[in-house]
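*Asks:* Have a look at this one before I ask anything.
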Amino acid sequence: MSRYFLHLKQADQSVVEDTEGLDLPSLQAAQEEALQGIRDVVAADIKGGHEVTLEAIVIADNQGRQLATVPVRAALPKSLFQSLLENS
């Protein structure tokens, strides 16, 4: 198991850092967590009547190295992502 940190990259390029991380068996498992995390954040924003400002989740290791970036568009149905773009 390795520890992965899922940082939230916002549309304004600011980053909300994950300071706890998750112990996961692989980078692929971290990417799957990121996909679900994106869906959860976007759903909460929509339910709360807020703008969706999340752009991506950046996956880093415990040394701070960026291993992967999972964009919002990878986690959402194409039609929903297009609708978000048109309304921003």
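*Asks:* Grab the beta carbon distance between S2 and D40, set R0 = 25 Å, and tell me the FRET efficiency rounded to 0.05.
*Replies:* FRET efficiency, S2 to D40: 0.65.
*Asks:* In percent, what relative contact order does region 2-86 have, based on Cα pairs under 8 Å that are 6 or more apart in sequence?
*Replies:* After rounding, I find 32 percent.
*Asks:* Consider a paramagnetic label point 7 Å from the Cα of T53 along Cα→Cβ; state which residues of region 1-15 have an amide N under 17 Å from it.
*Replies:* 7-15
*Asks:* Going by C-beta contacts inside 10 Å, put H7, H50 in order with the fewest on the left.
*Replies:* H50, H7
*Asks:* Turning to a different aspect of this structure: What are the extents of the Cα atoms of the chain along their three principal axes, in Å, largest first?
*Replies:* Reported extents, whole Å, longest axis first: 39, 23, 19.
*Asks:* Let me ask another. Based on DSSP H runs of at least 4 residues, each adding -39500 (n - 2.57), what is the mean residue ellipticity at 222 nm of the chain after dividing by all its residues, to the nearest 500 deg cm²/dmol?
*Replies:* -12000 deg cm²/dmol
*Asks:* Can I ask one more? Which of rounded, prolate, oblate describes region 1-50, given a ≥ b ≥ c as roots of the alpha-carbon gyration tensor eigenvalues and a/c under 1.5 marking rounded, otherwise prolate only if a/b is larger than b/c?
*Replies:* prolate
*Asks:* Moving to a separate point now. How large is the charge dipole for region 2-86, taken about the Cα centre, if only the Cβ atoms of Lys, Arg (+1) and Asp, Glu (-1) carry charge, to the nearest 20 debye? List each step's numbers first, then the result.
*Replies:* Working: 7 positive and 13 negative charges, 51 e Å.
I would put it at about 240 debye.
The numbers here are math on the coordinates, done by the rules we state, and not lab data. On a predicted model such as this, the values are computed, not experimentally measured, just so you know. Because the Cβ atoms are built from the backbone with ideal geometry, glycine has one as well, and the counts that use them run over all protein chains shown.
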